[in-house]
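Undergrad: Take this structure first; my questions come after.
The values are calculated or read from the model by the stated rules, or taken from the named source; none is laboratory data. These numbers come from a predicted model, not from an experiment. Reconstructed Cβ throughout: ideal geometry from the backbone, glycine too, with neighbour counts over all protein chains shown.
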Amino acid sequence: MFNPLIQNKMNQKEEKPLKKVCIICAKGSIEDVYATLVMANGAVMEGIEAKVFFTFFGLDAITKKQMKKLHTGVVGNPAMRMPGGIPFPTLLGIIPGVEAGVSAMMKKQMENLDIPPVDEFLDMITAGGGEIYACKLATDMFKLKKEDLSEHVIDIITVGDFYAMAGGENTQIIFT
Amino acid sequence: MATKNIAGVSVNVDDEGYLTDPSQWTREIATEIAKEENIELTDKHFEVLEFLRKEFETGAQLTIRKVGKSGIIDIKGLYDLFPGGPLKKSSRIAGIPKPTSCV
């Protein structure tokens, strides 16, 4: 859509299009992981190079055993609401099975919007040339080896390696 | 609304060059728009374009995932056919509006 505000800004100062995004995912809830995956996939779909670095709890998204079992936090999440918009009582969230139920519901709603499960999303991102990396420090901490991770993970790298990839004009580092 | 002369036909386009009336589309128009994107259309391209047009007619929200599951081509192949913008470029060449989905 034509947006006069954006157009005006572009006229004032010539803006060069984004060339590369380096996205860091440090959390393992559904919403944090999907924020990363949607942004990475969106980048490659626009012809923007994407490098994704999973660290700490974000590693769940690329760990074979965990990637299909991501949950969303139902305790202490003030934005959590029941269908119909009634606030979701935090105390309900502590009942066994509630978190799994809410998470399943979220996944179903995403599926309806054609948002794929994590493993398929990684397929899509890498098909478009996006690159997936795991953090060395965090894999050491969680005692994970390369073979525990999705086959889409190119390598386990240090933060220094990651910064080395983040060079170049019109590159942005995004922390989701 | 702007009009543009593509392949000898005057068609209605939006600011970004997407056809606003998909019924004005022809294979010749597709070939011309593809040239602007530096893409030379093959039969495989046309298969994808026809699929997109058919899906659009049914009112479906287009995504690369849907194309990947169409049985025509996988997602990697789609990127190879329309480099740097698999869904946007293919939609523009297919003469349908700019896709509004984020996947």
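Undergrad: Could you tell me how many of the residues in the range A:130-160 are in contact with an Asp or Glu (Cβ under 7 Å, 6 or more places away or on another chain) and either modelled with pLDDT under 95 or of a type in the set (Gly, Ala, Ser) (or both)?
TA: Residues that pass the stated criteria total 1.
Undergrad: When you check B:ALA2 against the structure, is it in contact with an Asp or Glu (Cβ under 8 Å, 6 or more places away or on another chain) and surrounded by 13 or more Cβ atoms within 10 Å (Cβ to Cβ), yes or no? I'd like the intermediate steps shown before the answer.
TA: Values: in contact with an Asp or Glu (Cβ under 8 Å, 6 or more places away or on another chain): yes; surrounded by 13 or more Cβ atoms within 10 Å (Cβ to Cβ): no.
In short, no.
Undergrad: Now for a different question. So which residues in the range B:53-75 are part of a helix (DSSP H, G or I) and either more than 9 Å from every other protein chain (Cβ to nearest Cβ) or surrounded by fewer than 18 Cβ atoms within 10 Å (Cβ to Cβ) (or both), if there are any at all?
TA: Here is the first cut: in the range B:53-75, the ones part of a helix (DSSP H, G or I) are B:53-57, B:64-68, B:75.
Selection gives B:ARG53, B:LYS54, B:GLU55, B:PHE56, B:GLU57, B:LYS66, B:VAL67.
Undergrad: Which condition does A:GLU14 not pass, out of (1) away from chain B (no Cβ under 13 Å); (2) at pLDDT 95 or above; (3) in a loop (DSSP other than H, G, I, E, B), if it passes all the others?
TA: (2)
Undergrad: Looking only at residues in the range A:84-107 that are in contact (Cβ under 8 Å) with a residue 12 or more places away in the chain and outside any helix (DSSP H, G or I), which one is farthest from A:GLU31 (Cα to Cα)?
TA: Ranking the candidates gives A:ILE94 first.
Undergrad: Just a yes or no: is a residue in the range B:76-98 in a loop (DSSP other than H, G, I, E, B), closer than 22 Å to A:GLU131 by Cα, more than 11 Å from the chain's Cα centre (by Cα) and more than 10 Å from chain A (Cβ to nearest Cβ)?
TA: For the range B:76-98, residues in a loop (DSSP other than H, G, I, E, B), closer than 22 Å to A:GLU131 by Cα, more than 11 Å from the chain's Cα centre (by Cα) and more than 10 Å from chain A (Cβ to nearest Cβ): absent.
Undergrad: Here is a further query. Looking at (1) touching a residue at least 60 places away in the same chain (Cβ under 8 Å); (2) outside any helix (DSSP H, G or I); (3) of a type outside the set (A, V, I, L, M, F, W, C), which one does A:PRO116 not meet, given that it meets all the others?
TA: (1)
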